[in-house]
Structure formats: C-alpha cells, structure tokens
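Asker: Sending over a structure as structure tokens; questions will come in a sec.
No value in this document is a laboratory result; all are computed from the given coordinates. Because the structure is a prediction, the values reported are computed rather than measured. Cβ placement follows ideal geometry from the backbone for every residue including glycine, while neighbour counts extend to all protein chains displayed.
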Amino acid sequence: MTTTTHTGRMESLTVGAVAERFGITVRTLHHYDEIGLLVPGDRTHAGYRLYTADDLIRLGAIVTYRRLGLPLTEVRSVLDGDADVVATLTRQKEAVLSQLGELHGLVEAIDRLMEAEMNDQPATEADLKEVFGEGYSEEHMAEAEQRWGDTDAWRQSRARTQRFTKDDWQQVKQEAEAVNAAFVAALEAGLPATSEAAMDAAEQHRLSIHERFYDCSHEFHRNLGDMYVADPRFTQTYDALTPGLAAYVRDAIHANADRHC
C-alpha cells in the first residue's frame, strides 16, 4: 500500500510494497529495522511500518552496496559517514576484479572440459572427410563393406573403429603417411625390397594394421601385399607417390614375412 499527500506526492510505502519494488524479502526489511540499518520513518495508526521517500533512498544505497558484496557492518559505516567511501569502494572493486579473474579461469576450465568431452566422441562422417579429404569416400566404404563385410577381419575392424575419435583417425593418417614415406625413401635411395629399411617399413605397416584395425599375421600381410598389385586402384594409389611403389611394397612385405618365419 502507498499513502499519498493531498498533492499526489508519494508519502510512504508499506513493507510489502517496498520489498516488491526492490526485489528483496519482507523478512530482510524487518532485519534491517531490527539492527537499526534502515528504520522506517513512519508508522500507520495500527503501528505498521511505512517507508518514506528518504527511507527508499537509503534502501537503494543499501541494496547497491550489498550487491557489491559489502557486509552490513561496512554498509552501515559508509551510510552513516563513519567510513571512507572511496577507500571502501576501492577495496571492494579489487575484490570483485579478483572474483572476475577466478570466474574467467572457471569458464576456461569448463571450456577445456567441454572440448575434451567433445573430442572423446566417435568421429562423424564430416570428421572423416576433414581428416582424409579426397581419400575418404562413403561410396568406397560401402564397396569395401560389400566386398569384405563377411570376413572376421572386417567385423573386428568395425568393432574397433566405431569408437575412434577424430584424433584417433588423425593418428592413423599420420602413421600411414610415415610408413609410406619410409617406403618411398627406401625405393628412391635404390635400396632393394629385401633391405632392412624396406622390411622395417613393411613391419611397421603390418603393426599399424594389427594394432589399429584387425589381427594381421605375416601370412595375412602377404595377401594384402599381393592385393596392392592385383587391384589397380591400390596400385594407382601407391604409384602416385612414386613410380613402382606398389610392387616395391608388395616385395618388401613378402621379404619381411620371410624373415619372421
């Protein structure tokens, strides 16, 4: 309830109206009255609290200082002139800035956790296209499944790779590029496919398959080497790196299998 003078000027507000206007509770206003921080300047005939315009100005200052984090004792000292307002606000500003720094750090920590959580998600088709570019094709994947989908190696590979994240596929790509680079270096250096360098590259190629996709014995690896020459698309992929590489890889794979028999 609001009482007014005959001129229409607001004279006083009830405790409920003040609480609603300032977004605080009636209980808070009662507490301020009890501790002498904000004593209503008027009363009704029945003894109920009424807040004058001056009371509202003081309450506005109290609410502001409280939102800045000042304890009630300091609020009282500032409003009653017992404390240096500038010095008090300067200290509070430093405290708020410190809290802001902590909050920024918390936000960054949340961002890192969110990024880690998103990075742990299985890779999407879009992720695979981003990693492998033109080397990835949904059509080729469908063809491969049709060709080898009934094999144990395919099923084992699917079971493993369905959990791969984008980072996992990045590592797979880097490993493949490193193995191919080793093959190219050995071939261009004039080393035979039976050389240690070529056979070591072949063994790394086998291990990458064995650890990432499916169990790949040396005998199984021989079959892959033969396919790289028998299938024109595999041959083209290798020979695009350097002429004759597909046959060189096949021979190195066979040589490596021989030395492990």
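Asker: Can you give the Rg to Rh ratio of the chain, both from alpha-carbon atoms, with Rh computed by the Kirkwood formula? Numbers along the way, then the final one.
Answerer: Details: Rg = 38.7 Å, Rh = 25.8 Å.
Taking Rh as the inverse mean 1/r over Cα pairs, Rg/Rh reads 1.50.
Asker: About the Cα centre of the chain, how large is the charge dipole given +1 on each Lys and Arg Cβ and -1 on each Asp and Glu Cβ? Please answer in debye to the nearest 20. Walk me through the numbers before you get to the answer.
Answerer: On the way: 26 positive and 44 negative charges, 284 e Å.
The dipole magnitude comes to about 1360 debye.
Asker: With contacts defined as alpha carbon pairs under 8 Å and 6 or more residues apart, what's the relative contact order of the chain in percent? Write down the numbers at each step before the final one.
Answerer: On the way: 232 pairs, mean separation 27.5, N = 261.
Relative contact order here is 11 percent.
Asker: Working from the pairwise distances between different alpha carbons, so that the mean of 1/r is found and then inverted, what is segment 1-104's Kirkwood radius in Å? Walk me through the numbers before you get to the answer.
Answerer: Working: mean 1/r = 0.0660 Å⁻¹.
Every distinct Cα pair counted, the radius reaches 15.1 Å.
Asker: Collect residues whose amide H, placed 1.01 Å from N in the peptide plane, falls under 5 Å from the amide H of GLU11; neighbours closer than 5 in sequence don't count.
Answerer: THR3, THR4, THR5
Asker: Can you give the longest stretch of the chain with no exposed loop site, where a site means trypsin sites (Lys or Arg not before Pro) in a DSSP loop (not H, G, I, E or B) with at most 13 other C-beta atoms within 10 Å?
Answerer: Numbers: sites that count: ARG9, ARG163.
Longest gap between qualifying sites, sites excluded: 10-162.
Asker: Just ALA159, ALA185, ALA87 to compare: in a GNM of the chain, with alpha carbon springs under 10 Å, which one fluctuates most?
Answerer: So, out of ALA159, ALA185, ALA87, the one fluctuating most is ALA87.
Asker: So, one more: Would you pull out the residues with amide H under 5 Å of LEU38's amide H, same chain only if 5 or more places away, H placed 1.01 Å from N?
Answerer: Here the answer is ASP33, since their amide H atoms fall under 5 Å of that of LEU38.
Asker: Computed over the Cα atoms of segment 125-259, what is the ratio Rg over Rh, Rh following Kirkwood?
Answerer: Details: Rg = 14.8 Å, Rh = 15.5 Å.
Over the Cα atoms of segment 125-259, Rg/Rh equals 0.96.
Asker: Let me ask something additional. Could you put ILE209, ILE24, ILE253, ILE35 in order, starting from the residue whose Cβ has the fewest other Cβ atoms within 10 Å? Walk me through the numbers before you get to the answer.
Answerer: Working: ILE209 20, ILE24 16, ILE253 26, ILE35 12.
Ranked by crowding around the Cβ, least crowded first: ILE35, ILE24, ILE209, ILE253.
Asker: Taking other Cβ within 10 Å of each residue's Cβ, how do THR64, THR14, THR194 sort, fewest first? Show your work: numbers first, answer last.
Answerer: Values: THR64 11, THR14 18, THR194 14.
Sorted ascending by nearby Cβ count, the order is THR64, THR194, THR14.
Asker: Something else: Hey, can you list the DSSP H helices of the chain whose Cα span along the axis is 20 Å or longer and whose average Kyte-Doolittle score is at least 1.6? If you can, show how the numbers build up before the last one.
Answerer: Values: long enough: 53-67 (21 Å, 0.10); 85-119 (50 Å, 0.13); 166-188 (33 Å, -0.44); 196-212 (23 Å, -0.96); 245-259 (21 Å, -0.17).
Qualifying helices: none.
Asker: Take MET114, MET227 and order them by how many other Cβ atoms sit within 10 Å, fewest up front. Mind dumping the intermediate values first?
Answerer: Values: MET114 10, MET227 13.
Taking fewest neighbouring Cβ atoms as first place, the list is MET114, MET227.
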